[in-house]
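As structure tokens, the structure follows; a few thoughts come after it.
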Amino acid sequence: MSILDSPGKQQTQKELYEKTRTVIVKDSSAGCSQLAAEVADLIRQRQGENKNVVLGLATGSTPVPFYKELIRLHQQEGLSFKNVITFNLDEYHGLAPDHRESYNRFMREQLFDHIDIPQENINIPDGTVSLDAVYESCLDYEKRIEEAGGIDLQILGIGRTGHIGFNEPGSSRDSRTRMITLDRITRRDAAADFLGEAHVPRHAITMGVGTILGAKRLVLMAWGGNKAEIVQQAVEGKVTDRISASFLQEHDNATFLVDQAASSQLTRMHLPWLVGSVEWDRKMIKRAVTWLSHRFEKPILRLVDEDYNESGAGEILTASGRAYNVNISVFDLVKHTITGWPGGKPGTDDTQRPERAEPHPKRVLIFSPEPSDAVMSLGGTIHRLVEQGHEVKLAVQTSGSLRVPDLAAQKFAAVLQEMAQVIGDNTSSAGGEYASQVLAQLEEKGLFGDDSEDVKRLKALILRGEVRDAALVCGLESEAVVFQDLPFYEKGRYRQFQMTDEDVDCTAALLEEYQPHQIYATGHLADPSALQTLCYRSIEDALERFKDESWVGDCRVWLYRGKESEMNSYEIDMAVPMSPEQLELKSEAIRKFQSISQDELDSRGRNQTTAKRYDQLGMAEYEAIESFQRRG
Ligand code: GLP
């Protein structure tokens, strides 16, 4: 069945849970090629009938690969867009069309400038309209959609609040195009694009839920683990104006198109035994039993046969006997993930430990996509590794300069300038000149201009200092911190980074030089366009180049989660507990990132939640836990 086909009568067990048709694809590029092929068919079919096609379009990182594929179809396969009329979902209020964050500019750069769509066929809400003219302008937008014959196919992404377009929680089923106040979470998510939350517009103009549901077909795309929870709620939960994407359940031709990671919280993926038969291997049993324990709020060892039977997990008992036996084996499995020796405990039997004892010490390479990621996610583990005598290296993959606000750069440049004046000798005059230059460049570029090379360098240096200070708190001397400055970051911007072979070369060179026994890395579950994902891909691609070398065979890769989500208990292969003092030490390290908003950095809560979950399973009660998954 094609993505755009009508779903028809829902048949299978899984669809008892999924109330909107959901197609799971391998990854975003597979999904986007499939969708683009369907759109191309629709366009060609209408061309044959001498008719127009009306497409509703979306912005954000989600549809970028879809637009790329449409451009490819145009350039390489001659697909014409002359008969296509487009309506965009939304636009920030107060941004001029050429503002670097306006959706108008986004659409031109990502699609319209590369295809043959007639200019007059493009419709995007006007973000520059004055407040007293907003109402009229929105009515006019609705009228234009109607005059075009309504939208044939509406493309959608989904925000973390479950919004479609900018229909934030509280948007009603019948809402039409209007101005809306953006939710705090949405503004936070856009903070990196706008170089700080304070600069994100407070209002936007968006098609209403009613306008969107008026389209003949709807396809909502979602990629990456950070969308998994909201996708599950929108697809399986109740229809509610708290999650505007849930209204798709009321449309008779709507499809969620999601990748593996974004589908991971759907019942058929998360609790597959509830929707069909599964193979009860160790991993699946661990998953089911930890879920039962959380569900009944009972430690694993107190689960009884009825708990298994009543929750659809009775099959485990058929295969393995009584709850008593299963409980003990899963309890042991979870218990053995806990270790205070993340690099392995030398001279001990390691058959039940997450990491092997030998060699000791190990060469450990910790990758941090942005300067603060590793300290935030595994500061406690770094401290232990250093204390336990391993040769630890922290590889900071990108400079992180885009995260540093102008204010921080201004502060440093001003101090440098003043120092040059105070000392007033020749050796400092070069510094003084440089500082004045930076201050002038900052002034000139304004809030949203691109940083000059000097400004970028200063911002990167500020973070270098901060990450060195943070690493030192975790026990790592500054020589142990290496800066990769991956080129894709220096050339790109958030949500639009493009990794190339050059990035893989940099990572390969580092791996080859260091030949680690242990690697810590993050990123595989995040949004495919996210910086963390690209950094992770550079490691995977680089490792692939050395796959036949013996050191790679002897190297274990441990994955940590960035801030997007916590690991479920069943996913954890190594749990490194932290005492209150160790947690405090980690917080002290995190506080060294003074130029970055502390809101973005707090990981205490996540580590404490993991510890609470372990406690609830019946493990020892720790203050906090850092968790890792072994790369399979
Ligand atoms: C914004 C847009 C939405 C988009 C959402 C998710 O809020 N108004 O249309 O779906 O961002 O963005 P992304 O695709 O980058 O995750």
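Rule-based calculations on the coordinates, nothing more; no lab input. Given the structure is predicted, the values throughout are model-derived calculations rather than measurements. Cβ placement follows ideal geometry from the backbone for every residue including glycine, while neighbour counts extend to all protein chains displayed.
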Worksheet, complete the sentence: With Rh as the Kirkwood radius over Cα pairs, the range 255-384 has Rg/Rh of 1.06
Practice prompt. Which order do the peptides 315-322, 604-611 take when ranked by the mean count of other beta-carbon atoms within 10 Å per residue, highest first?
Written response: 604-611, 315-322
Discussion item. Could you derive backbone 3J(HN,Hα) for the range 325-335 from the dihedral phi with the Karplus parameters 6.51, -1.76 and 1.60 (θ = phi - 60°), listing whole Hz in sequence and x where the residue is Gly or Pro?
Written reply: 5, 5, 3, 4, 5, 6, 4, 5, 4, 5, 4
Item to complete: At 7 Å along the Cα-to-beta-carbon direction for both Lys238 and Ser436, put a label point, then send me their distance in nm to one decimal.
Response: 6.7 nm
Item to complete: Between Leu301 and Lys445, with labels modelled 7 Å along Cα→Cβ, what's the label distance in nm to one decimal, could you check?
Response: 5.9 nm
Item to complete: Lys and Arg at +1, Asp and Glu at -1: add these up for the other residues within a Cβ distance under 11 Å of Val209 and post the number.
Response: -1
Worksheet, complete the sentence: With +1 at each Lys and Arg Cβ and -1 at each Asp and Glu Cβ, the charge dipole magnitude of the chain around its Cα centre, to the nearest 20 debye, comes out at 1440 debye
Worksheet item: How do the peptides 351-362, 521-532 rank, highest first, by the average count of neighbouring beta carbon atoms within 10 Å per residue?
Response: 521-532, 351-362
Worksheet item: Once Lys and Arg get +1 and Asp and Glu get -1 on their Cβ, which of Pro371, Leu266, Cys555 lies farthest toward the positive end of the dipole of the chain?
Response: Leu266
Fill in: Stretch gain in nm, segment Arg202-Glu588, where the contour uses 0.36 nm per residue and the Cα spacing is subtracted
135.6 nm
Item to complete: Using Cα positions and a limit of under 22 Å, work out the lysines in reach of Lys283, with same-chain residues fewer than 8 apart set aside.
Response: Lys14, Lys26, Lys298, Lys335, Lys612
Fill in: ³J(HN,Hα) computed for each position of the range 301-317 - Karplus, 6.51 cos²θ - 1.76 cosθ + 1.60, integer Hz, glycine/proline x
5, 9, 6, 10, 3, 4, 4, 5, 5, 5, 10, x, 10, x, 4, 4, 5
Worksheet, complete the sentence: Quick shape summary for the range 343-465, equivalent ellipsoid via Cα gyration tensor, semi-axes whole Å in descending order, reads 43, 17, 9
Item to complete: Using per-residue counts of other Cβ atoms within 10 Å, averaged over each peptide, order 190-201, 572-583 from highest down.
Response: 572-583, 190-201
Discussion item. Rounded to whole Å, give me the distance from the Cα center of the range 334-385 to that of the range 541-565.
Written reply: 14 Å
Worksheet item: What full-extension length gain, to one decimal in nm, is calculated for Ser550 and Val482 as 0.36 nm per residue of separation minus the Cα-Cα distance?
Response: 22.1 nm
Fill in: Members of Lys345/Lys563; Lys563/Lys586; Lys411/Lys592; Lys286/Lys563; Lys19/Lys216; Lys445/Lys491 lying beyond 23 Å, as alpha-carbon distances in this model show
Lys345/Lys563; Lys286/Lys563
Worksheet item: Measuring from label point to label point, each 7 Å out along Cα→Cβ, what is the Glu279 to Leu472 span in nm?
Response: 5.3 nm
Worksheet item: Under the Kirkwood approximation for Rh and a Cα-based Rg, what ratio Rg/Rh is obtained for the chain?
Response: 0.99
Fill in: Neighbour net charge for Glu355 - beta-carbon separation under 10 angstrom, K R +1, D E -1
+4
